1. Among the residues of segment 297-311, count how many are part of a loop (DSSP other than H, G, I, E, B) and within 11 Å of Trp247 (Cβ to Cβ).
2. Out of segment 199-238, which residues are part of a strand (DSSP E or B), more than 16 Å from the ligand (Cβ to nearest atom) and open to solvent by less than 20 Å² (accessible area, probe 1.4 Å)?
3. Hey, any hits in segment 400-418 for a residue that's under 25 Å from Ala98 (Cα atoms), touching a helix residue (DSSP H, G or I) at 6+ places or on another chain (Cβ under 9 Å) and open to solvent by 40 Å² or more (accessible area, probe 1.4 Å)?
4. Ala495: among the aliphatic types (A, V, I, L, M) and at pLDDT below 95, yes or no?
5. In segment 277-296, which residues are in a strand (DSSP E or B) and either open to solvent by 50 Å² or more (accessible area, probe 1.4 Å) or over 21 Å from Pro108 (Cα atoms) (or both)?
6. Got at least one residue in segment 510-529 being within 16 Å of the ligand (Cβ to nearest atom), outside any helix (DSSP H, G or I) and of a type in the set (A, V, I, L, M, F, W, C)?
7. Given the conditions (1) touching a residue at least 24 places away in the same chain (Cβ under 8 Å); (2) open to solvent by less than 50 Å² (accessible area, probe 1.4 Å), report the number of the one that Leu479 does not fulfil.
8. Would you mind telling me which numbered condition in (1) within 16 Å of the ligand (Cβ to nearest atom); (2) over 30 Å from Glu543 (Cβ atoms) Lys433 fails?
Amino acid sequence: MAVRLCCRGNRSALHTLSRSASRSSGASIESVGELDSHSHSLFSRSAIGTFFQERPLLTNPFTQDALLRAYLRRHLPEQEVQRDLLRFGERLVTEIEALGRQCELKPPVLQHYDAWGRRVDRILTCDAWTRLKHISAQEGLVAAGYERTYGEWSRVYQMSKMYLFAPSAGLYTCPLAMTDGAAKVIESLGVPVREAFERLTTRDEKRFWTSGQWMTERRGGSDVSSGTETVARRQQDGRFKLYGFKWFTSATDADMTLTLARITDRSGHSTAGSRGLSLFMAEVWDADGSSNGVEVQRLKDKLGTRQVPTAELLLDGMNAQLLSEEGRGVASIANMLTITRIYNTVCAAAAMRRISHLCREYACKRSAFGKLLKDHALHVQTLSRLEVETRAAFLLTMEVCRLLGREENRSASDRDTLLLRLLTPVAKLYTAKQAVCVVSEGLESFGGQGYIEDTGLPSMLRDAQVLSIWEGTTNVLSLDVLRSIAKSSGSVLQAFFVDVNERLLAADASAALRPAVSSLRTSLSALKRFAQTAASRPAGTLELSARDLAYSLARIYMGALLVDHAAWEDATHTDIYAALRWCDQDLCPVVSGDAVGCYDPQTAAMDTALVYDGLEP
Ligand code: MFK
C-alpha cells in the first residue's frame with residue numbers, strides 16, 4: 001500500500017502518516033494500511049482535486065470585435081470585405097493560432113556547420129514559420145496594400161486583416177512589416193527592381209519573398225547616422241560589395257534586405273554622418289542556396305519575440321545594388337520606417353484587443369468569492385478601462401492607415417499628408433506604451449494563471465515589451481515628432497489643430513458627448529498656447545518637453561477620434577461612454593508638466609542630480 005501511495009506522488013503525506021503511525025502503534029503494516037484507506041479518500045483525491053478551471057476560448061476575432069465591425073460598416077461597408085474578414089477570422093482560430101503557438105515553442109536555431117565541418121550558417125525555423133509565410137502570401141497580407149482594390153481604403157482593409165492576424169501569427173508580422181516597408185521604398189524610389197517588388201507583393205506563396213531591414217550596428221540602433229560603419233565598395237559592373245557588422249537584424253531568414261552603408265572612394269575614404277549613408281538592396285542567398293557574403297555570428301537571446309530569428313551578421317563582401325541617390329540613405333529608408341512603425345501600431349492595438357477579449361471571456365468562466373468575475377463590479381471596471389485604451393488605440397491606428405491609403409491613392413490633401421507625418425511616430429510611441437500596460441493588466445486579471453508559461457499568456461507580455469523599443473524608442477520617436485514640426489515649420493501642428501477642431505464641431509450636436517468635447521477643446525487651446533510659446537523658449541527645453549508633447553498629441557487626437565466615432569449616427573451608448581471615459585484623464589500632460597516647471601532650464605540639472613544621487617564617482 002505504501003508503494004501505491006508513493007506512486008501517487010504523495011510522499012510527504014506517506015512520510016507523515018508513517019511517522020505518526022509508528023509513534024502511536026509501533027508502525028504495524030496494518031496500521032499503515034488503515035491509514036492508507038483513510039488517506040486515499042482524504043489525500044489522493046485532494047492532490048489532484050476534481051475542479052479544473054476552464055481556459056478562455058478564442059473564437060472568431062472578427063465577429064467578437066464590435067468596434068472593428070462598426071468602423072468598417074461606417075467606412076468600408078463592402079460585403080466582400082466583411083466576408084473575407086469573417087472567413088479569415090475562422091481560419092485564425094482553426095489553423096493560424098496553433099501555428100503561431102508552435103513558433104513560440106520551437107524557436108529558430110542556428111546551424112553553424114554541417115556534419116562534415118563546412119560552415120553553413122543555416123537558420124533553421126520550424127514548419128509553422130514556413131507555413132505562416134505561405135499563408136501570408138495566400139491571404140495577400142502585404143499584397144492587399146499594393147493591389148489597391150479599395151482605392152484609398154485599401155490600407156484600412158489590409159491592416160484590418162493584419163490586426164486580426166497579429167496576435168495569432170507568432171510574430172510573423174515582423175517579416176511582413178519589413179517586406180511591406182521594402183516594397184514601399186522600391187515603389188516610392190521608382191527604381192528598376194521589378195522582380196523584387198513583384199515578389200514582395202505577390203499572393204503566390206512559391207514566389208513570395210520577405211525582406212529584412214538591416215540598420216542597427218554595434219554603435220547603436222537609434223543614432224543610425226553616426227553608428228553605421230558598414231562600407232560599400234564599388235565594383236566594375238556598377239554594383240557594390242558591402243563590408244560591415246549588423247548587430248541586430250530581425251527575421252534574418254529573409255530572402256532579401258534593405259540596408260545602409262557608406263560608399264568609399266578609391267582611397268577607401270567615406271563621408272561621415274547622415275550625408276555619407278546610402279541605401280542598398282541585396283538578396284540574402286545566392287542562386288545555389290549559399291549565402292551572399294553573409295556570416296551569421298549568432299542568434300540573439302531575447303526577452304520575447306523568440307519566434308523571430310534575430311541575428312548578428314557579418315557582411316563580408318555581400319553583393320548589393322544601390323537603391324537611393326548616394327548620401328540619401330536615411331531619407332530613403334524613412335518610407336520603410338513609416339510602414340514598419342505603422343505595423344508596430346497595428347500590432348500594439350491588436351495585442352490590446354486580444355488580451356481584452358481573453359479577459360472578458362475568462363471573466364464569464366472564473367468564479368471567486370461566490371460569483372463569476374464578470375459579476376464583480378471592480379473587476380469589470382478594470383476591464384472596461386482596458387477596453388477604453390484598446391478602442392482609442394484602434395481608432396488612432398485605423399486613422400493612420402486611412403491617411404497612408406489616401407497618400408498612396410493620390411487622394412491625400414495637404415492636411416492628410418502633414419497629419420500622416422505627425423501621427424505616425426505619435427501613434428507608434430503611444431500605442432506601444434499602452435500595449436505593455438494593457439497586456440500586463442490583462443495578465444493580472446487571470447491571477448496566477450497569467451504568470452504560467454503554458455497558458456500562452458506570458459509570451460504576450462514579452463512580445464508587447466518590444467513594441468516600444470524596436471522601430472525607434474519612445475524618446476527617439478518623440479524627437480521625430482519635433483523633427484516633423486521643425487521640418488514643416490509647424491504646419492503639421494496646424495493641420496492637427498484644424499483637424500481636431502473639425503471633428504469636435506461635428507460632435508457639437510450631441511449633448512451626451514458635451515463633457516468630452518469640452519475637455520478636448522480646453523486641452524487643445526492649452527496645447528496651442530504651449531506651441532505658440534515654444535519657439536521663444538530657451539534652447540534645449542523643447543527637447544525636455546518632447547515626450548509629454550507627443551503624449552498630449554496622442555491623447556487629444558485619440559479623444560477626438562473617439563468623439564467622432566461616438567457622434568456617428570449608428571454609434572451606441574458604449575461608444576459614447578468610451579469617449580467620455582477617455583476624456584476624464586489629463587489630455588494634455590505637456591501643459592501640466594510645463595505648469596510645474598518640468599521643462600525649466602534648471603530642471604535638467606536637478607533631474608541629473610536625482611538620478612545620480614549616491615553614485616560614487
Ligand atoms: C510588428 C512590427 C514589426 C516591426 C518589425 C521590425 C523589425 C526590425 C527591427 C529594427 O530594425 S529596429 C531598428 C529601427 N531603427 C530605427 O527606427 C532608427 C531609429 N532612429 C531614428 O529614427 C533616427 O531619428 C534617424 C535614424 C532617422 C535619425 O537619422 P538622422 O540622419 O540623424 O536624421 P536627420 O538628419 O534628421 O534626417 C535625415 C533625413 O531623413 C531628413 O531628410 P532631408 O535630408 O530631406 O532633410 C529627414 O527629414 C528624413 N527623415 C528622418 N526621419 C524621418 C524622415 N523622413 C520621414 N519620416 C521620418 N520619420
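The values are calculated or read from the model by the stated rules, or taken from the named source; none is laboratory data. Since the model is a prediction, treat every value here as computed from it, not as a measurement. Note that each Cβ is placed from the backbone with ideal geometry, even for glycine, and that neighbours are counted across all protein chains shown. Heavy atoms of the whole protein, side chains included, go into the accessibility calculation; ligands, DNA and RNA do not. Shrake-Rupley method; radii C 1.70, N 1.55, O 1.52, S 1.80 Å.
1. Looking only at that region, the number is 2.
2. Ala232
3. No, segment 400-418 contains no residue that is under 25 Å from Ala98 (Cα atoms), touching a helix residue (DSSP H, G or I) at 6+ places or on another chain (Cβ under 9 Å) and open to solvent by 40 Å² or more (accessible area, probe 1.4 Å).
4. For Ala495, the condition - among the aliphatic types (A, V, I, L, M) and at pLDDT below 95 - is not met.
5. Correct list: Leu277, Ser278, Leu279, Phe280, Met281, Ala282, Glu283, Trp285, Glu295.
6. no
7. Going through (1) touching a residue at least 24 places away in the same chain (Cβ under 8 Å); (2) open to solvent by less than 50 Å² (accessible area, probe 1.4 Å) one by one, Leu479 breaks only (2).
8. Unmet for Lys433, out of (1) within 16 Å of the ligand (Cβ to nearest atom); (2) over 30 Å from Glu543 (Cβ atoms): (2).
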